[in-house]
Amino acid sequence: MRIMAAALILVGAATASAQSLADVARQEEARRKAVSGSGKVYTNDALQPEPPPSPGSVPAATSAPATPTAPATPPAAADAASPGATPKTEAEWKKRIADERDALSRAQIFAEALQSRINVLSADFVNVDDPARRNVVAAERQKALAELDRVKAEIQAHQKKITDIQTEARKAGVPAGWVR
C-alpha cells in the first residue's frame, strides 16, 4: 500500500513537472520571438584607434631612448620571433609568450617524468641481486640522469626567454597584459 502511494506521488510529480517544463519552453520561445534583435556587438574594427600621445604629455624619460644605436630586438628575442621582426600586435606578443610558456611546461613535465624514472631505476638497482641486471639498470639510470641535466638546462633557457620577452615588451611600451 505504501509503495502504491509513493509510486502515485512520483508519477504525479513527474507529470506536473513535465507540463510545467513544456510551458516554460513555450514561454521562452515566445519571449525570444518578441525580442526584436540582439544588442550591438563591438569589435576592434568598430572602435577607433587611440590617438598617439602629444609630445607634451609624454615624460622626457620615456621619449629619450629613441636613438637608433641600440638594436631593435635583443638576440634572444629575435630567435623566438620571425627573423628580424619585432611583434607589433597583441596577438603576436601573446602567441610569442604562449609558445615559450608551452615549451617550458613541456620541459617541466618531461623533467618530472624523468625524475620518476630515475626513482624507479634507483629502487630497481637496490633490489636487484643479479650483477648483470644491476649493471644494465645502473647504465639506464646514468642515461636518465644525463637527460635530466639537459632538460633542467632547457627549462632555465625557456625561463630566461620568457623573461627576455617580457623585458623586450616593457622596453617597447607594450601593455603588460599582452605578455602575461
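Taking 0.36 nm per intervening residue step and subtracting the Cα-Cα distance, what contour gain separates Asp124 from Ala25 on full extension?
Details: separation 99, 0.36 × 99 = 35.64 nm, distance 6.38 nm.
Net length gain for the segment: 29.3 nm.
Leaving ligands, DNA and RNA out of it, rank Ser122, Ser20 by accessible area with a 1.4 Å probe, largest first.
Numbers: Ser122 35, Ser20 55 Å².
Largest accessible area first, the list is Ser20, Ser122.
Using the heavy atoms of the protein chains and a 1.4 angstrom probe, tell me the accessible area per residue for the stretch 115-159 in square angstrom. Don't skip to the end; give the middle numbers.
On the way: 3050 Å² over 45 residues.
For the stretch 115-159, the solvent-accessible area averages 68 Å² per residue.
With N set to the number of residues, divide the alpha-carbon radius of gyration of the stretch 84-180 by 2.2 N^0.38 Å and report two decimals. Display every interim value, and only then the final one.
Working: Rg = 20.0 Å, N = 97, 2.2 N^0.38 = 12.5 Å.
Taking N as the residue count of the stretch 84-180, the ratio is 1.60.
Treat every Asp and Glu Cβ in the stretch 87-180 as -1 and every Lys and Arg Cβ as +1, leave all other atoms uncharged, and give the resulting dipole magnitude about the Cα centre to the nearest 20 debye.
Values: 18 positive and 15 negative charges, 87 e Å.
Magnitude of the dipole: close to 420 debye.
Under the Karplus relation 6.51 cos²θ - 1.76 cosθ + 1.60, θ = phi - 60°, what is the ordered set of whole-Hz ³J(HN,Hα) values for the stretch 103-115, x standing for Gly and Pro?
Couplings: 4, 4, 4, 4, 5, 5, 5, 5, 4, 5, 5, 4, 5 Hz.
The values are calculated or read from the model by the stated rules, or taken from the named source; none is laboratory data. Just so it is clear, the structure is predicted and the values come from calculations on it, not from any experiment. So basically every Cβ, Gly included, is an ideal-geometry build from the backbone, and we count neighbours across all protein chains shown. Each accessible area value is taken on the protein alone, full model and side chains, heavy atoms only, with ligands, DNA and RNA left out. Shrake-Rupley method; radii C 1.70, N 1.55, O 1.52, S 1.80 Å.
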